[in-house]
1. Please list, by residue number, every one of the trypsin sites (Lys or Arg not before Pro) in the stretch 190-240 that is coil in DSSP and has at most 12 other beta-carbon atoms within 10 Å.
2. With the dipole of the stretch 123-286 worked out from charges on the C-beta (+1 for Lys and Arg, -1 for Asp and Glu) around the Cα centre, which of 170, 286, 159 lies farthest toward the positive end?
3. When the dipole is taken about the Cα centre of the chain, and only Lys, Arg (+1) and Asp, Glu (-1) are charged at their Cβ, what size is it in debye, to the nearest 20?
4. Based on C-alpha coordinates, I'd like the Rg and Dmax of the chain, in Å.
5. Towards the positive end of the charge dipole of the stretch 123-286, with charges on Cβ (+1 Lys, Arg; -1 Asp, Glu), say which of 225, 243, 134 has the farthest Cα.
6. Using the Cα atoms of the stretch 123-286, I'd like the radius of gyration and the largest Cα-Cα distance, Dmax, both in angstrom.
7. Would you mind giving the average projected area, over all directions, of the Cα convex hull of the stretch 87-192 in nm² with one decimal?
8. Pairs to check: 23/97; 163/336; 23/200; 151/344; 76/327. Give those whose C-alpha atoms are more than 20 Å from each other in this structure.
Amino acid sequence: MSLEILYILLCLSLIIGVIFLYKLEGKVLFTQINIFNWTYFVEFIAMGAVSPFFILDIKPNNWAIQKIPDSDFPIKEVILTLCWCAITIPLGIFFMKKILEYFRLHRDFFKFQKIKEIEQCSNFFYFFWIIIFFIYSLYLIGQIGFIPQLKLFSLSSIQEIAKLRGDITHNLPANIIIFRLIGLAISPILCYSAFAKFLKNKNMFSFGLFLTLFLFTVFFNTLNLNKSAIAFILVGLAATFPLLGLNFSIKKMLIFTTAIVLILVTMFTITIPGRSIKSALSNLKGRVLISQTYGNYASFYVFPKHIEHIGFRSVTKQIKKIGLEPKERASRTLMKFMAPEAVKNGTAGHMVSTFFAEAWANWGLIGIILSPIFVGLSLKFLVNLLIWLPKSELSIGFLSFLTYTFGINKSFSKILFPRYLIAAFIILFSFKIIEKKFYLKKKNHH
């Protein structure tokens, strides 16, 4: 089958997928960012399905995939997989919708958005977590020995910056589980909850709460000098508007898009010394449309021709308890195979890919067939769980956070079992319930 026919097949599959998604989740409005259109149009199409149209032109000079011989370059395998995913991700959403309807548990996402009354979190709730974030920030700075975001300005070469980022990402001198839970999950969730409070109340006190939590969120998410972190945080803010039933006009969308591009270009010019604005824009285009998919091609090339399929051994280290030896995740294995020197000197960590790359690396063809269906099932289930609860600042915070963190350009096992999201859900809602009961008890006592 020629590449031309495969390209046409991919376009047709995407059109069918978009129509299917439209039928399932209502009108697709590009001025109203939500988890469904962001996941499908940005994460899947822009950051995944577009790359086969450009990848052959950049392959000869690209560090990540030039090692793959032209005769073995798996572009046809990637295109066929994308065609399958384009239709089966919405199919998974459809299956979960039918299951929920059968048990009378289904909630309509757009009806949820139109609910005007929301349950607010108390000021004490936010103050408590602000104190936690302040103490934890001081702890992290003390453990690292400096503030990485400020240290960045004293570095003069790309290698130094890459080394610093690699050290913080892979050798953070603090418990990585606690950091990911508090800094990368709870902090942004509460930032969006406070933003919802501000949009409803529109007073300076609410704005102060939001701004404080926003600054903590930026600090935690850029600790490892992540160039795109602030842009994604803004995506969460934009997703909060429609969740409150507020109009996110074309004017606001243009301002929002311009702000994201300016932030990303600024971050590229800062973290890559000597880079011009034109070069930064070109790099940004490559990062969005192509570099998120390197692992897709590498995975089909490496597994199982050079390395055996991993199976379940990379899903969790807990398999040690049943006598099995855990293995590194596919993304790390691929980076070690494709760029061993960069991994050795600490300037490279994991190779980014769409979820199906890990599914193929772990389970082969069965992983390719089933993984997009499970992605759709998981997406619909998580959203339905959050909108099944009474509408509150906290549920809005979770939905805004989930809009860009559900993400399909990451480990498939993380999509199936988002442990930090689950832990944050249990902690925050439990705290809110306890606080509410304590408040009612105190009120009745008086």
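All of the numbers you see were taken from the coordinates with simple rules; none came from a lab. All of these numbers come straight from a predicted model, not from anything done at the bench. Neighbour counts run over all protein chains shown; Cβ positions are idealised from the backbone, glycine included.
1. Qualifying residues, ordered by number: 202.
2. 286
3. Dipole of the chain, to the nearest 20 debye: 1260 debye.
4. Over the chain's Cα set, Rg and Dmax evaluate to 22.3, 79 Å.
5. Toward the positive end, the furthest listed residue is 243.
6. 17.1, 47
7. 12.0
8. Exceeds cut-off: 23/200; 151/344; 76/327.
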